[in-house]
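Bear in mind these aren't lab numbers, they're just calculated from the coordinates by the rules spelled out. All of these numbers come straight from a predicted model, not from anything done at the bench. Neighbour counts are summed over all protein chains in view; Cβ atoms, including those assigned to glycine, are modelled from backbone coordinates with ideal geometry.
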Amino acid sequence: MDHMDAGIKKKYPEKYLKYLNEQRDSGVGRYGMIPLFKMKFPELKVHQAKEIFYYWISATKEGINGKNNL
């Protein structure tokens, strides 16, 4: 895990990554996830939601969250 990964995980609770995994597993396409993510967690600013989302895409492609791809 590099410094960026540690910073994101420390900065943002696991609940955000778990929610994105659940949405993916339920069939939601990744292009529809940011609006759903923002509605589910209104405490996030748009730039925070995008930062978490793009981190999650990168992490899932690398298998960090137990998935090898989207």
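Data overview
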read-out: Under Karplus coefficients 6.51, -1.76 and 1.60, residue-wise ³J(HN,Hα) of the stretch 44-55 in Hz, glycine/proline x; value: 7, 7, 4, 5, 5, 4, 5, 4, 5, 4, 5, 4
read-out: Computed lengthening from Gln48 to Glu22, 0.36 nm per intervening residue step minus Cα-Cα distance; value: 7.4 nm
read-out: In the stretch 11-60, the GluC sites (Glu not before Pro) that fall in loop regions by DSSP, at most 10 other Cβ within 10 Å; value: Glu43
